[in-house]
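K.L.:
Input: one structure, supplied below.
The values are calculated or read from the model by the stated rules, or taken from the named source; none is laboratory data. The structure displayed is predicted, hence computed values, not measured ones. Cβ placement follows ideal geometry from the backbone for every residue including glycine, while neighbour counts extend to all protein chains displayed. Heads up: the accessible areas ignore ligands, DNA and RNA and are worked out on the full protein's heavy atoms, side chains in. Shrake-Rupley method; radii C 1.70, N 1.55, O 1.52, S 1.80 Å.
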Amino acid sequence: MLNYLIRRLLYAVPILLGVIFLTFVLFRVVNTPEHAAINALGPKSSVDARNAWIVNNGRDLPLYKQFATHTIQLATFDFQPSITTKRPMGETFREGVGPSLCVTLPGFILGLCLALVLSLYQVFVRNSAADRTITLICVVMMSLPTMVYIIFGQAVVALGLGWFPVSGFTKGLDAVRFLLLPVAIMAIISLGYDARMFRAVFLEEIAQDYVRTAHAKGLSATRVLSRHVLKNGLIALITLTVGQLPKLIMGTLLIESFFGIPGIGNVMVQGIQTSDEPVVLACAYLGALLYLAALILTDILYAAADPRIRLS
Amino acid sequence: MPLLEIRNLAIHFHTEGGVVEAVKGINLTLEKGETLAIVGESGSGKSVTGLALTRLLPEPPTRYTSGEIIFDGKSVLTMKADELRKLRGGRIAYVFQEPSTSLNPVFTIRNQIAEAIQLHRPELRDVDAEIIKHLDLVGITNPAQRLHDYPHQLSGGMQQRVMIAMALSCQPDLLVADEPTTALDVTIQAQIMEQFRELRSKLDMAIILITHNFGIIGNFADKVAVMFRGKIVEYGATKDILGNPQHAYTKALIQCIPRLGAKKRRLITIDHAALEAAGA
């Protein structure tokens, strides 16, 4: 197990180097030193000031030297402070993680539970009118873009019915009233897709021989589904869901910016809009890092869910 | 009163492609402790008959269009769901064809057998001891050490023994063995059949053995029912049928058994067209 983990972490190194290389090409080669200087100093800055910035930031050095510094900086998490807020990245992230998780974590768990219950129910009443109706609703839900949910939520539920504030965030327990609507939208956005996928997974399992054995033992249909079928479907569910975990920490771009939640997603959107290079670079790099971590976690969970899988 | 009585049972599958008549009005009786073999080729309706005994076939598409299944005086086809669940496993237990897929891959064998015992014998205190007793009964060596094994850690023969132990653990009155040896190689097949014989002499239990293999029923079954295209074409004592088959299909099936030491020639196949022309 430990050996496996060490090996997996070593495998992650080349991928990480690839990420570093790609970000370098995007941020240091495609984005020329002149552009970077204008971004940092503003369009009204003098040519001399820009040239001085280029020299100070080492952007006049040969590319291989720049790549070396870039690699060392990313590998040691030594990010430049934000250009717009002038604050160090570590601080920005520490402040953003909380609000992001406030929305994404309950939204993710709620969405997952809803999708599980819905798909298991569909399998329970498979091929009936209820099953077909739910499938139809799921397809409609899958087809609607995220924006539709957000605008509907803000315009109809928040503004029209006045059940929730349209947007905003506050510290402490009072935040709940701001969070309810974005959490609900987060939970609902992928419900159609997830329920369809889970249903397909469970339908495949329900045709297996061990399900017949379970029924032949005299188990109730609910117990067969919730114990035998669910546990066998876990592998597929892990694949479908664990890959979404980085999104929880990185926040959701659209929901956070529309609901004014000061999470990392919001930081990222503002960074992109203001061409805040250090912010975007740090977000891209951390996102890739978290994704790699999620992949390793997926493998570990496989072994936990299925005794036939050995990590070695 | 017989343990099991099947009267004029007909089973249809209503699929999108039309109605399939799987079983067309069969009659069978089984006394307590008696052994019946149902023999027939693939698609003859023998497995469907076995599964129908506790209504394990999915409804829909399955429809029981006529007849009755009376088990211990109660009609299975009109039973309520909870009564049916007590019957399944508790009074009629199954052993299926493919042990490697019939056991749940993600639970230990202890877990799977305990689930059945806790369901049908909730008064039992020491579940583990009971599991070990039954694993020992079906010839698993060091049963206590195997308790926490997963199915994939056992060989095919061992897996089938676990299936049998699970079926026996609730002390059923009737064991339905649906092609229990088909997925196993010949030596293991012989061992499992030997196990069944031993168990039958130890336990007072009726057995229905469903097979396509006339070769394995000789010293085993009291009675044989030969099924062909959803009907029972011949039914009687094993000795009579093996020694003096009346029906053309039975004769053809018996001829298909390869004999040791017989002159090498092409294996005999069944000519369905000829059988049909003869009115089978």
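K.L.:
Please find, in a Gaussian network model of chain A (springs between Cα atoms separated by less than 10 Å), the residue of A:ALA184, A:ALA214, A:ALA293 whose mean-square fluctuation is greatest.
P.N.:
A:ALA214
K.L.:
Report, by chain and number, residues whose modeled amide H sits under 5 Å from the one on B:THR65, excluding near sequence neighbours (fewer than 5 apart, same chain).
P.N.:
Residues meeting the criterion, in which the H sits 1.01 Å from N, are B:ALA10, B:ILE11, B:HIS12.
K.L.:
Quick check: at a probe of 1.4 Å, how many percent of the accessible area of the protein assembly as shown sits on carbon and sulfur atoms?
P.N.:
After summing per-atom areas, the C and S share lands at 60 percent.
K.L.:
Return the average number of partner chain Cβ atoms within 10 angstrom of each residue Cβ along peptide A:48-60.
P.N.:
0
K.L.:
Measure off 7 Å from each Cα along the Cα-to-Cβ vector at A:ILE109 and A:HIS35, then give the distance between these two points in nanometres to one decimal.
P.N.:
Result for the modelled spin labels: 4.3 nm.
K.L.:
For A:ASP60, B:ASP173, give the ranking by accessible area with the largest first, probe 1.4 Å.
P.N.:
From most exposed to least exposed: A:ASP60, B:ASP173.
K.L.:
Show me the GluC sites (Glu not before Pro) within segment B:92-198 that DSSP assigns to loop and that have at most 11 other Cβ atoms within 10 Å of their Cβ.
P.N.:
Qualifying residues, ordered by number: B:GLU123.
K.L.:
In terms of the Cα gyration tensor, with a ≥ b ≥ c the square roots of its eigenvalues, is the protein assembly as shown rounded because a/c is under 1.5, prolate because a/b exceeds b/c, or oblate?
P.N.:
Judged from the Cα gyration tensor, the protein assembly as shown comes out prolate (a/c at least 1.5, a/b above b/c).
K.L.:
When only the heavy atoms of the protein chains count and the probe is 1.4 Å, how do B:HIS12, B:HIS134 rank by accessible area, highest first?
P.N.:
From most exposed to least exposed: B:HIS12, B:HIS134.
K.L.:
Here's a follow-up. Using the Karplus equation 6.51 cos²θ - 1.76 cosθ + 1.60 (θ = phi - 60°), what ³J(HN,Hα) coupling, rounded to whole Hz, does each residue of segment B:234-251 give in order, writing x for Gly and Pro?
P.N.:
For segment B:234-251, the Karplus-derived couplings read 8, 8, x, 5, 4, 4, 4, 6, 5, x, 9, x, 9, 7, 4, 5, 4, 4 Hz, x marking Gly and Pro.
K.L.:
Can you compute the modelled spin-label distance between B:ARG266 and A:THR135, with each label point 7 Å from Cα toward Cβ, in nm?
P.N.:
Distance between the two pseudo-spin positions: 4.7 nm.
K.L.:
Check which residues have an amide H placed less than 5 Å from B:ASP149's amide H, if you skip close sequence neighbours.
P.N.:
Under 5 Å from the amide H of B:ASP149: B:ILE109, B:ARG110.
K.L.:
For segment A:90-275, taking Cα atoms only, what is the radius of gyration to one decimal and the Dmax to the nearest whole Å?
P.N.:
Cα only, segment A:90-275: 19.3, 64 Å (Rg, Dmax).
K.L.:
Determine the order of A:ILE188, A:ILE151, B:ILE232, A:ILE264 by accessible area, beginning with the largest, at a probe radius of 1.4 Å.
P.N.:
Largest accessible area first, the list is A:ILE151, A:ILE188, B:ILE232, A:ILE264.
K.L.:
Then there is this: If you find the alpha carbon centre of segment B:1-80 and of segment A:21-99, how far apart are they in angstrom?
P.N.:
Taking the Cα centre of each part, segment B:1-80 and segment A:21-99 sit 77 Å apart.
K.L.:
Using a Gaussian network model of chain A whose springs link C-alpha atoms within less than 10 Å, name the residue from A:THR222, A:THR71, A:THR239 with the highest mean-square fluctuation.
P.N.:
In the Gaussian network model the winner is A:THR222.
K.L.:
Could you identify which residue out of B:GLY50, B:GLY157, B:GLY261 has the top mean-square fluctuation in a GNM of chain B using Cα springs shorter than 10 Å?
P.N.:
B:GLY261
K.L.:
Also, I was wondering about something else. Based on Cβ point charges of +1 for Lys and Arg and -1 for Asp and Glu, what charge dipole magnitude is obtained for segment B:18-109 about its Cα centre, in debye rounded to the nearest 20?
P.N.:
240
K.L.:
Leaving out same-chain residues fewer than 8 places away, which aspartates and glutamates sit with a Cα under 20 Å from that of B:LYS202?
P.N.:
Filter leaves B:GLU31, B:GLU34, B:GLU130, B:ASP136, B:ASP173, B:GLU194, B:ASP222.
K.L.:
Which of the residues in segment A:290-312 lose at least 20 Å² of accessible area when you go from the chain alone to all protein chains together (probe 1.4 Å)?
P.N.:
Output list: A:PRO307, A:ARG308.
K.L.:
Pop out the ³J(HN,Hα) list for segment B:134-149 in order, Karplus 6.51 cos²θ - 1.76 cosθ + 1.60 with θ = phi - 60°, rounded to Hz; leave Gly and Pro as x.
P.N.:
6, 5, 5, 4, 8, x, 8, 7, 6, x, 4, 7, 8, 3, 9, 6
K.L.:
Can you give the accessible area of A:LEU17, probe radius 1.4 Å, in Å² rounded to 10?
P.N.:
90
K.L.:
Label chain B by shape, choosing from rounded, prolate and oblate, from the square roots a ≥ b ≥ c of the eigenvalues of the Cα gyration tensor; if a/c is under 1.5 it is rounded, and otherwise prolate applies when a/b is larger than b/c, oblate when it is not.
P.N.:
It is oblate, given that a/c is not under 1.5 and a/b is not larger than b/c.
K.L.:
What figure in square angstrom, to the nearest 10, would you give for the accessible area of B:ARG197 with a 1.4 Å probe?
P.N.:
Probe radius 1.4 Å; accessible area of B:ARG197 about 60 Å².
K.L.:
Which value, in Å², gives the accessible area per residue of segment A:90-275 when a 1.4 Å probe is used on the protein heavy atoms?
P.N.:
With all protein chains present, segment A:90-275 gives 47 Å² per residue.
K.L.:
Taking the Cα centroid of segment A:157-215 and of segment B:156-213, what is the distance between the two, rounded to the nearest whole Å?
P.N.:
Using only Cα atoms, the two centres lie 47 Å from each other.
K.L.:
Next question, about the same structure. Rounded to whole Hz and in sequence order, give me ³J(HN,Hα) for segment A:226-243 from the Karplus expression 6.51 cos²θ - 1.76 cosθ + 1.60, θ = phi - 60°, writing x for Gly and Pro.
P.N.:
These are the phi-based 3J(HN,Hα) values: 6, 10, 6, 6, 4, 5, 6, x, 4, 3, 5, 5, 4, 4, 6, 10, 5, x Hz.
K.L.:
In square angstrom and rounded to 100, what buried accessible area do you get between chains B and A, total over both, with the probe at 1.4 Å?
P.N.:
2100
K.L.:
Oh, and also: Please tell me the relative contact order of segment A:246-295 in percent, rounded to the nearest whole number, where contacts are Cα pairs under 8 Å and at least six residues apart.
P.N.:
Averaging sequence separation for qualifying contacts and normalising by length gives 32 percent for segment A:246-295.
K.L.:
In debye to the nearest 20, how big a dipole does segment A:90-275 give about its Cα centre with +1 on each Lys and Arg Cβ and -1 on each Asp and Glu Cβ?
P.N.:
In debye, rounded to 20, segment A:90-275 gives about 560.
K.L.:
Next question, about the same structure. For the pair B:ASP204 and A:ALA75, how long in nm is the line joining their label points, each one 7 Å along Cα→Cβ?
P.N.:
Inter-label distance under the simple model: 7.9 nm.
K.L.:
Another one. With an 8 Å cut-off on Cα pairs and a minimum separation of 6 or more residues, tell me the relative contact order of segment A:90-275 in percent.
P.N.:
Averaging sequence separation for qualifying contacts and normalising by length gives 37 percent for segment A:90-275.
K.L.:
Where the only charges are on Cβ atoms (+1 Lys, Arg; -1 Asp, Glu), what is the dipole of the protein assembly as shown about its Cα centre, to the nearest 20 debye?
P.N.:
400
K.L.:
When you look at the Cβ of every residue in B:53-59, what mean number of other chain Cβ atoms sits within 10 Å?
P.N.:
2
K.L.:
Using a 1.4 Å probe on the heavy atoms of the protein chains only, list every residue of segment B:149-165 that has 40 Å² or more less accessible area in the complete assembly than in its chain alone.
P.N.:
Flagged in segment B:149-165: B:HIS152.
K.L.:
Counting helices only, and only those DSSP H runs with n ≥ 4, report the 222 nm mean residue ellipticity of chain B as the sum of -39,500 (n - 2.57) divided by its residues, in deg cm²/dmol to the nearest 500.
P.N.:
-9500 deg cm²/dmol
K.L.:
Turning to a different aspect of this structure: What are the residues whose amide H is under 5 Å from the amide H of B:ILE208, where those residues sit 5 or more places off or on another chain and H is modelled from the backbone?
P.N.:
Those lying under 5 Å, H to H, from B:ILE208 are B:LEU36, B:LEU175, B:VAL176, B:ALA177.
K.L.:
Could you tell me which of rounded, prolate or oblate describes chain A, using a ≥ b ≥ c as the square roots of the eigenvalues of the alpha-carbon gyration tensor, with rounded for a/c under 1.5 and, failing that, prolate when a/b is larger than b/c and oblate otherwise?
P.N.:
oblate
K.L.:
Related question: So what does B:THR78 come to for accessible area, using a 1.4 Å probe and Å² rounded to 10?
P.N.:
Only protein atoms counted, so the area is about 110 Å².
K.L.:
Is there a simple number for the mean count of other chain Cβ atoms within 10 Å of the Cβ of residues in B:98-109, and what is it?
P.N.:
Neighbouring Cβ atoms belonging to other protein chains average 5 per residue here.
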